[in-house]
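J.: Take a look at this one; I'll ask things after.
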Number of protein chains: 2
Amino acid sequence: MSTVGKAVSLLELFTLHEPEIGLSDLARRAGLDKATARRLLMALAAHRLIEQEPRSRRYRLGAGLSRLARIRDAHFPFVRLAAPVIRELSLETGETVHLSEFSAGALLTLHVELSAKANRVNVDVGQVLPLHGTASGIAFLAASRLEAVGAYLEKPLQAFTAFTMTQPDDLVKAIALAASRGYSRSAQGYEEGVHSIGAAILGADGQPIGTLAVASPVSRVDDATAAGQGEAAVRAARLISARLTGEA
Amino acid sequence: MSTVGKAVSLLELFTLHEPEIGLSDLARRAGLDKATARRLLMALAAHRLIEQEPRSRRYRLGAGLSRLARIRDAHFPFVRLAAPVIRELSLETGETVHLSEFSAGALLTLHVELSAKANRVNVDVGQVLPLHGTASGIAFLAASRLEAVGAYLEKPLQAFTAFTMTQPDDLVKAIALAASRGYSRSAQGYEEGVHSIGAAILGADGQPIGTLAVASPVSRVDDATAAGQGEAAVRAARLISARLTGEA
DNA sequence: CCCAATCGGTTCACTATTCGAACCAGTGTT
DNA sequence: AACACTGGTTCGAATAGTGAACCGATTGGG
């Protein structure tokens, strides 16, 4: 791997649940020598991509990242462009709709429009969704390159409910169905009582960058409703994709 | 410079005003060979820190940055911690108060609480403030290490109004005064008719990471008012510093 | 209380990675 | 048609990266 790749992989070790890591730990997990890790960290720190807590001497992500992200968000406003479409879809379906962006092997919830109904599905911004077991994830996999899907299926699939698909074969079928229909359907794979319809949002290079999903209580959805939500979700996802690439 | 440093300096070429740049241009500005620049860009792209517009083949900042910035912001919530203090200071002084973070040789405005008065100073989030000529900048320099101040004074100082301090000697005096008082005072150095009181916010390592400033119309401020604002600004800045380092 | 096992950090000979001049092919401009 | 740009590629030379061994400082059992 390139030196730059190693440096970035150090950055990627930090997560929401573990935002500060010590040198030895960092080196071990990245598969690097301590000396190498330290040199890379110092280089990153010189550009404020990493900073070091002076007391514990542990490392954390730096302010430079916030700066760069602001520049990006100002120019590539995924959430800003998608939000009105998400809102419209929520009003049209009467259900909760959420927007996710793919990042590091999972989907990160960026924006949510809640249903106006009393009995509704609640989703939190910031929630991390697995690719299997959520409609969003299956829609994302259905739009991904085959090799990416294969790589994901290599790892064991965690069960979140009694309904979670943990057999690669089942997942492959679900992905194939989603690919042919343009949207995915999943019931209670991640949370009990929740039914979801997902559709992938594509970037300028045709690769999926995120998804949107319509989430309803299972009791409210029959096949006809699901089909209607599916078509609406696909339209919304295509509209966002088009706006992102400047085609609309 | 290290390879990593070169890669990061490529990222830093992107700005709010120029969020997409071509390969040759990028290489030229970073002082790198085209081949080198491209290799670095590909390494960054592999980790989603950069992406390439397939049509124009120009490069832009990638989604990975947004992800990393979210992780950082969740753990190190500068704006989130500071906002209520800023609000309180605005109510106490009756004036507009803004929060800035240091980044790449300048101060970036992150948050603003506007005065309730009809005649007030307006500041925009995202606005970039120079270190000389603003109260925020002088407060920041006064809290910085001497070598950082020296390095900044090496470069010519741009004049923004007829009142902007462009002589290093004058600036040194202003910095010394700010350092002894704990807050800085500046009138019309950046924009005509605006009077500002600035105070630095320190990170866990004692180095300044940003500033806050009370901005009023010049007509409304006499020495006594300024002194009062100064003390209030210092208190607020210290409170934010303490909360950031987990001391309160 | 001391020993052992960590920790973060540093050194330096070795070598693999990075560098960059020269080279494509493509696209406007003159 | 010649020119001046683009983005992208190649490959021998040279530079920058590597990591085992080594600090001194903490930490936590026994």
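The values are calculated or read from the model by the stated rules, or taken from the named source; none is laboratory data. From a predicted model like this one, the values you see are computed outputs, not experimental measurements. In this analysis, Cβ positions are derived from the backbone assuming ideal geometry, glycine residues included, and neighbour counts consider all displayed protein chains.
J.: If we keep just the residues of region A:11-23 that are without any contact (Cβ under 8 Å) to a residue 40 or more places away in the chain and more than 8 Å from DNA strand C (Cβ to nearest atom), which is nearest to B:R38 (Cα to Cα)?
T.: Ranking the qualifying residues of region A:11-23, first place goes to A:L13.
J.: Quick test for you: out of B:L65, B:L40, B:L26, pick the one residue that is within 11 Å of another protein chain (Cβ to nearest Cβ), in a helix (DSSP H, G or I), within 16 Å of DNA strand C (Cβ to nearest atom) and among the aliphatic types (A, V, I, L, M).
T.: Answer to the check: B:L40.
J.: May I pose another question? Out of B:F163, B:F140, which single residue is in the same structural domain as B:E101 (by TED's automatic domain parsing) and within 15 Å of B:V194 (Cα to Cα)?
T.: Unique residue meeting the criteria: B:F163.
J.: One residue is enough: does region B:196-203 have a residue meeting the conditions assigned by TED's automatic domain parsing to the domain that holds B:F140 and over 17 Å from the mean Cα position of the chain (by Cα)?
T.: Looking for residues that are assigned by TED's automatic domain parsing to the domain that holds B:F140 and over 17 Å from the mean Cα position of the chain (by Cα), one finds none in region B:196-203, hence no.
J.: Checking A:M1 against (1) within 12 Å of chain B (Cβ to nearest Cβ); (2) of a type in the set (A, V, I, L, M); (3) away from DNA strand D (no atom under 11 Å from the Cβ): exactly one of these is not met. Which one?
T.: For A:M1, the failing item is (3).
J.: Just to be sure before I move on: is A:E53 over 12 Å from A:T211 (Cα atoms), touching a residue at least 60 places away in the same chain (Cβ under 8 Å) and not basic (K, R) in the structure I sent?
T.: Answer is no for this residue.
J.: Any idea which of (1) more than 7 Å from chain A (Cβ to nearest Cβ); (2) under 28 Å from B:D124 (Cβ atoms); (3) assigned to a loop (DSSP other than H, G, I, E, B) is the one B:T15 doesn't satisfy?
T.: Checking B:T15 against (1) more than 7 Å from chain A (Cβ to nearest Cβ); (2) under 28 Å from B:D124 (Cβ atoms); (3) assigned to a loop (DSSP other than H, G, I, E, B), the one that fails is (1).
J.: A further question follows. Within region B:31-64, which residues are among the β-branched types (V, I, T) and either modelled with pLDDT under 85 or more than 28 Å from the chain's Cα centre (by Cα) (or both)?
T.: B:T36 - this is the single residue of region B:31-64 that is among the β-branched types (V, I, T) and either modelled with pLDDT under 85 or more than 28 Å from the chain's Cα centre (by Cα) (or both).
J.: I would also like to ask the following. For region A:152-173, which positions are small (G, A, S) and out of contact with any Gly (no Cβ under 9 Å at 6 or more places or on another chain)?
T.: Passing the criteria: only A:A162.
J.: I've got another one for you. With over 30 Å from A:G193 (Cβ atoms) and either within 15 Å of DNA strand C (Cβ to nearest atom) or not in a strand (DSSP E or B) (or both) as the only criterion, which of A:R55, A:R87 stands out?
T.: A:R55
J.: From the residues in region A:228-248 that are in a loop (DSSP other than H, G, I, E, B) and among the small types (G, A, S), which one is modelled with the lowest pLDDT?
T.: Per the criteria, the residue is A:A248.
J.: Might you let me know whether region A:10-28 holds any residue that is β-branched (V, I, T), farther than 23 Å from A:V128 by Cα, more than 16 Å from DNA strand D (Cβ to nearest atom) and under 23 Å from the mean Cα position of the chain (by Cα)?
T.: Checking region A:10-28: not a single residue is β-branched (V, I, T), farther than 23 Å from A:V128 by Cα, more than 16 Å from DNA strand D (Cβ to nearest atom) and under 23 Å from the mean Cα position of the chain (by Cα).
J.: What's the total number of residues in region B:50-61 that are within 7 Å of chain A (Cβ to nearest Cβ), under 16 Å from A:Q207 (Cβ atoms) and of a type outside the set (D, E, K, R)?
T.: Here the count works out to 1.
J.: Can you tell me which residue in region B:102-124 is farthest from the other protein chains (Cβ to nearest Cβ), limited to those that are surrounded by fewer than 21 Cβ atoms within 10 Å (Cβ to Cβ) and charged (D, E, K, R)?
T.: Per the stated criteria, the residue is B:K117.
J.: Identify, from the list A:V8, A:V79, the residue that is facing another protein chain (nearest Cβ under 10 Å), crowded, with 22+ Cβ neighbours inside 10 Å and not hydroxyl-bearing (S, T, Y).
T.: A:V8
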